[in-house]
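Notes follow once the structure below has been shown.
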Amino acid sequence: MKGVRVNRASSLLAGVFLFLAVSVVSSANTIYVDTNSPNEPGAGTFDDPFRSIQDAIDDANNWDIIEVRPGLYTGLGNYDLDPNGKSITIGSTEPNNPDVVAKTIIDPNKAGRGFYFDSGEDANCIIEGLTIRNAYTGGKGGGIYCYYSSPTVTNCIISGNRANTHGGGIFSQNSSPRITGCVISGNVSAVDGGGIEWWRGEAELRNCAVFNNRATSGAGGGVDYFDCDNVVIANCTFAANTADRGGGLYCWSSNCLIDSSIFRGCEADSSGSQIGIYSGTVTVSYSDIEGGQEAISNISGSLGWADGNIDTDPCFACFDANGEPNLWDFHLQSVYGRWEPNSQSWVADSNTSPCIDAGEPNSDWMSEPWPNGKRINMGAYGGTIEASMNGNEADFSVDGAVDFADFAYLGTSWGREERCIEDLTADGAVDVSDLWRFALSWLWQE
């Protein structure tokens, strides 16, 4: 009987928490912003949106969503944007659509920064699916400035920004922002951290393309870390970044783990080509580093060169270090299928990148499209729906042949009504239609 009472109490408590959670979600409002709104300042409704993003921020309460429609946002109220410590989401209408992201533009026109976080914002303050360009500051952090604040920045383009000291694209001090799925390119700092400058705090960078950034007289053309703990760089691509020291990244008195990433064409004038270490610890695993260990400059630090590292051409879809950066495409070539962002379709190449199915073996590969080698790809698109494919869709055992071993996989999943690799027709069920498609590949060999 005592056990029954405990279970009932637990159920009651769980119900209360569920009710509170639903209440919070249901009380959230969506506030709309449109630079072409007919009214000034607007009311923030669907039919009468605000014209400026800061007006929407000032009107928002915790958990509200600010939906920014495509357009060019410039002038007062559209730069030095300050969430004032609120737990809100500020994003485009389709944060996962690269075309919408590219057309939803915050442009300070060199009058200030894009975003300014200094009120203790945490991971519940989310910036997603926005382009921040042409920002400028005489201090630190051209595009985004974080001070004792740790927002989430995801699926953003942070490009063509400048800082007169540190962090052309992003500056973070005593903060732990989480930056995922972002393009950080063409940013310039006069000192350290052309793309990102990180001072103290925990640092997480995932699925980002960091390229063509420059630290004109300092360290870390792509990213510079100073006195940071638990630095994680996972599934990122660093290309053609330049600095005096550490063309791709520089690690000062920081502990840095790099895995499933690619470094290509990064240059440093005085010491090191791709990565520089000064009194810090860098561990590299399952990554493609141009020049290998010789491309890492280690001054009184520690380098851990773990398993799975390679030094070979990653076979990007389009990359020429001396060419036009706007044409670069860091998707990996594959004869089995590569995502082509301009046509929004899958195409077949004549080569297959050695970086496919070569990332950290224990990383989650389930978001990658099938077929694959049941292992995450290296680079910015590894572990995402845009990861390049590999193999035959009916080779469930990933042994290079379609035979009875794969038929056994199909039999084990027969009748399942959920998405799985054996659901070849992607209709949510493993049935006769999948068996028919499987038969078309019978006795295939790689």
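The values are calculated or read from the model by the stated rules, or taken from the named source; none is laboratory data. Here the structure is a predicted model, which is why all the values come from computation and not from measurement. Positions of Cβ are backbone-derived with ideal geometry, glycine not excepted, and every protein chain shown enters the neighbour counts.
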_Suppose the filter is out of contact with any Gly (no Cβ under 8 Å at 6 or more places or on another chain) and not charged (D, E, K, R); does Ser345 pass it?_
yes
*Index of the failed condition, Glu294 passing every other in (1) of a type in the set (D, E, K, R); (2) closer than 24 Å to Gly181 by Cα; (3) part of a helix (DSSP H, G or I)*: (2)
*Checking Leu249 against (1) more than 17 Å from Ile170 (Cα to Cα); (2) under 18 Å from the mean Cα position of the chain (by Cα); (3) surrounded by 24 or more Cβ atoms within 10 Å (Cβ to Cβ), which test does it fail?*
(1)
*Confirm whether Asp244 is over 24 Å from Asn96 (Cα atoms), at pLDDT 95 or above, buried (at least 21 other Cβ atoms within 10 Å of the Cβ) and over 16 Å from the mean Cα position of the chain (by Cα).*
no
*Is there a residue in the stretch 395-409 that is modelled with pLDDT of 95 or more, crowded, with 23+ Cβ neighbours inside 10 Å and among the polar types (S, T, N, Q)?*
no
_Restricting to the stretch 331-357, count the residues that are in a strand (DSSP E or B) and either on the phi > 0 side of the Ramachandran plot or buried (at least 20 other Cβ atoms within 10 Å of the Cβ) (or both)._
4
_I'd like to know if the stretch 337-345 contains one or more residues that are under 19 Å from the mean Cα position of the chain (by Cα), within 22 Å of Ile289 (Cβ to Cβ) and not polar (S, T, N, Q)._
no
*Report yes if Ile421 is closer than 30 Å to Asn326 by Cβ, among the aliphatic types (A, V, I, L, M) and surrounded by 14 or more Cβ atoms within 10 Å (Cβ to Cβ), otherwise no.*
no
*Of these, Val232, Val282, which one is free of Cβ contacts under 8 Å to residues at least 60 places away in the same chain, touching a Cys at 6+ places or on another chain (Cβ under 7 Å), part of a strand (DSSP E or B) and of a type in the set (A, V, I, L, M)?*
Val282
*Looking for whichever is of a type outside the set (D, E, K, R), closer than 23 Å to Ile376 by Cβ and not assigned by TED's automatic domain parsing to the domain that holds Gly265 here; the options are Ser343, Ser353, Ser287. Which one fits?*
Ser353
*State whether one or more residues within the stretch 303-314 are crowded, with 20+ Cβ neighbours inside 10 Å and either within 22 Å of Asp349 (Cβ to Cβ) or touching a Phe, Trp or Tyr at 6+ places or on another chain (Cβ under 8 Å) (or both).*
yes
*Just for the stretch 172-224: of the residues that are part of a strand (DSSP E or B) and touching a helix residue (DSSP H, G or I) at 6+ places or on another chain (Cβ under 8 Å), which one is farthest from Pro98 (Cα to Cα)?*
Phe211
*Report, by residue number, each residue of the stretch 252-274 that is modelled with pLDDT of 95 or more, surrounded by 24 or more Cβ atoms within 10 Å (Cβ to Cβ) and of a type in the set (A, V, I, L, M).*
Ile258, Ile262
*Residues within the stretch 119-159 that are crowded, with 20+ Cβ neighbours inside 10 Å, in a loop (DSSP other than H, G, I, E, B) and within 18 Å of the chain's Cα centre (by Cα), tallied*: 8
*Report the residue count in the stretch 49-62 for those that are closer than 20 Å to Glu94 by Cα and surrounded by fewer than 16 Cβ atoms within 10 Å (Cβ to Cβ).*
0
*asked:* Given the criteria part of a helix (DSSP H, G or I) and crowded, with 22+ Cβ neighbours inside 10 Å, does Ala102 qualify?
replied: no
